[in-house]
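Colleague: Please read through the structure below; I'll follow up with questions.
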Amino acid sequence: MLFGGFITSFKTLTVLPLPGKGSERIADSLYYFPLIGAFIGGLITLAAWLIGYLLDWPTGAGIACVVLISWVTGALHLDGLGDVADAYSPGRTRERMLEIMKDPHMGAFGVTAIVLALLVKTIALVHLTLLAQWAWIPVPFILSRMTMVLLAVTLPYARPEGGTAEVFVKNAHSRHFIVASIVGLGLCALLTGIAGGFVFIFAFIMGYGLARWMKRSFGGVTGDLLGMSNEMIESVLLFSLAALIPYLDLIHGFTF
């Protein structure tokens with residue numbers, strides 16, 4: 001059932017209630033990841049517009065948006081970022097890093113990574129609000145969820161004993177990414193025109209780089225690594241867009 005996949009995706013990526021029964025084929029929710037990203041990005045854009053434009057408080061908008069992101073997602077991806085930051089070290093064995101990622105406690109590296117990610121997002125959203133770039137704000141949320149589909153499709157599950165995200169990864173097929181990438185590209189183009197295509201390519205390259213690093217370092221992907229990838233792509237794209245928006249506007253205005 002197609003709508004069942006949407007329900008599963010919505011309940012996986014947000015804490016918001018949604019009536020209905022999810023799909024029995026859990027991996028089919030991957031089709032809808034970019035769409036859920038667009039929904040989350042739309043909520044963030046609305047909050048930025050209401051507080052930053054109507055109330056004329058861009059700083060408050062940036063802070064409120066980061067709080068809203070964390071609440072809507074249940075801080076799920078931030079938790080993954082913190083776990084990976086604590087675990088990863090070039091000198092550690094793969095098995096030891098996977099073991100540390102399962103530890104519910106968080107160390108200094110994990111806390112620092114989360115704080116830095118929230119800081120980057122806050123500053124970027126403040127700047128995008130000041131520039132009134134409403135169409136660009138949802139793009140990182142769309143492409144970060146699309147990247148998770150890319151990783152789930154191209155990498156094996158890293159834990160031999162299984163885990164929470166195993167049902168997504170082991171049943172993921174190329175068709176899931178093909179559909180998700182078409183949806184992601186279409187949404188970006190609809191919002192920002194040809195410039196959105198360039199950002200799409202940039203996100204794809206980052207996702208490919210993350211996939212190679214995860215395969216080499218961890219032997220595959222886990223739920224924590226998927227969450228970390230979402231935070232990395234989201235933060236880097238928000239920061240990059242805030243810095244490069246004048247140049248992207250030139251591309252957006254270009255016509256053949």
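The values are calculated or read from the model by the stated rules, or taken from the named source; none is laboratory data. Keep in mind that this is a model prediction, so the values were computed, not measured. Cβ atoms come from the backbone with ideal geometry, glycine included; neighbour counts cover every protein chain shown.
Colleague: I'd like to check something: does the stretch 25-48 contain any residue that is in contact (Cβ under 8 Å) with a residue 24 or more places away in the chain, over 25 Å from residue 200 (Cβ atoms), out of contact with any Asp or Glu (no Cβ under 8 Å at 6 or more places or on another chain) and not β-branched (Val, Ile, Thr)?
Modeller: Within the stretch 25-48 (the criterion being in contact (Cβ under 8 Å) with a residue 24 or more places away in the chain, over 25 Å from residue 200 (Cβ atoms), out of contact with any Asp or Glu (no Cβ under 8 Å at 6 or more places or on another chain) and not β-branched (Val, Ile, Thr)), the answer is yes, since at least one residue qualifies.
Colleague: Here's a follow-up. Which pairs do you get when a residue that is more than 11 Å from residue 222 (Cβ to Cβ) and charged (D, E, K, R), found in the stretch 89-103, comes within reach of a residue that is at pLDDT 90 or above and not in a loop (DSSP other than H, G, I, E, B), reach meaning Cβ atoms under 9 angstrom, with the pair 6+ apart or on two chains?
Modeller: Pairs that qualify, where the first residue is more than 11 Å from residue 222 (Cβ to Cβ) and charged (D, E, K, R) and the partner is at pLDDT 90 or above and not in a loop (DSSP other than H, G, I, E, B), are 92/100; 94/217; 94/218; 96/87; 99/87; 103/83; 103/86; 103/87.
Colleague: Oh, and also: Please specify each residue of the stretch 15-71 satisfying the condition of being in a loop (DSSP other than H, G, I, E, B) and more than 14 Å from residue 129 (Cα to Cα).
Modeller: Once the filter is applied, which keeps residues that are in a loop (DSSP other than H, G, I, E, B) and more than 14 Å from residue 129 (Cα to Cα), the stretch 15-71 yields 15, 16, 17, 18, 19, 20, 21, 22, 23, 24, 25.
Colleague: Quick check: is even one residue across the stretch 147-157 part of a helix (DSSP H, G or I), modelled with pLDDT of 95 or more, among the hydroxyl-bearing types (Ser, Thr, Tyr) and closer than 25 Å to residue 98 by Cβ?
Modeller: Yes; the residues of the stretch 147-157 include at least one that is part of a helix (DSSP H, G or I), modelled with pLDDT of 95 or more, among the hydroxyl-bearing types (Ser, Thr, Tyr) and closer than 25 Å to residue 98 by Cβ.
Colleague: For the stretch 215-228, give me each residue that is within 16 Å of the chain's Cα centre (by Cα) and more than 17 Å from residue 118 (Cβ to Cβ).
Modeller: Within the stretch 215-228, 221, 222, 223, 224, 225, 226 meet the criteria.
Colleague: Right, here's the next one. Just checking, which of 183, 139, 199 is in a helix (DSSP H, G or I), in contact (Cβ under 8 Å) with a residue 40 or more places away in the chain, within 13 Å of residue 30 (Cα to Cα) and not small (Gly, Ala, Ser)?
Modeller: Going through 183, 139, 199 in turn, just one is in a helix (DSSP H, G or I), in contact (Cβ under 8 Å) with a residue 40 or more places away in the chain, within 13 Å of residue 30 (Cα to Cα) and not small (Gly, Ala, Ser): 183.
Colleague: Are there any pairs, at least 6 apart or on different chains, whose C-beta atoms fall under 8 Å, with the first in the stretch 69-87 and on the phi > 0 side of the Ramachandran plot and the second surrounded by fewer than 23 Cβ atoms within 10 Å (Cβ to Cβ), and if so, which?
Modeller: 74/14; 74/15
Colleague: Only one residue in 50, 43, 18, 35 is among the hydrophobic types (A, V, I, L, M, F, W, C), at pLDDT below 90 and surrounded by fewer than 23 Cβ atoms within 10 Å (Cβ to Cβ), so which one is that?
Modeller: Just a single option satisfies the conditions, and that option is 18.
Colleague: So which residues in the stretch 192-216 are surrounded by fewer than 20 Cβ atoms within 10 Å (Cβ to Cβ), farther than 30 Å from residue 95 by Cβ and either touching a helix residue (DSSP H, G or I) at 6+ places or on another chain (Cβ under 9 Å) or of a type outside the set (A, V, I, L, M) (or both)?
Modeller: Answer for the stretch 192-216, where residues must be surrounded by fewer than 20 Cβ atoms within 10 Å (Cβ to Cβ), farther than 30 Å from residue 95 by Cβ and either touching a helix residue (DSSP H, G or I) at 6+ places or on another chain (Cβ under 9 Å) or of a type outside the set (A, V, I, L, M) (or both): 193, 194, 197, 198, 202, 204.
Colleague: Check the stretch 82-101 and report whether any residue there is hydroxyl-bearing (Ser, Thr, Tyr), under 15 Å from residue 232 (Cβ atoms) and surrounded by 15 or more Cβ atoms within 10 Å (Cβ to Cβ).
Modeller: yes
Colleague: Here's a follow-up. Looking at 250, 237, which is the one that is aliphatic (A, V, I, L, M), modelled with pLDDT of 95 or more and either buried (at least 17 other Cβ atoms within 10 Å of the Cβ) or more than 30 Å from residue 92 (Cα to Cα) (or both)?
Modeller: Of 250, 237, the one residue that is aliphatic (A, V, I, L, M), modelled with pLDDT of 95 or more and either buried (at least 17 other Cβ atoms within 10 Å of the Cβ) or more than 30 Å from residue 92 (Cα to Cα) (or both) is 237.
Colleague: Filter the stretch 160-178 down to the residues that are in a helix (DSSP H, G or I) and under 17 Å from the mean Cα position of the chain (by Cα) and list them by number.
Modeller: 168, 169, 176, 177
Colleague: Take the conditions at pLDDT 95 or above, in contact with a helix residue (DSSP H, G or I) (Cβ under 6 Å, 6 or more places away or on another chain), over 29 Å from residue 176 (Cα atoms) and small (Gly, Ala, Ser) and apply them to residue 64. Does it pass?
Modeller: Yes: the conditions hold for residue 64.
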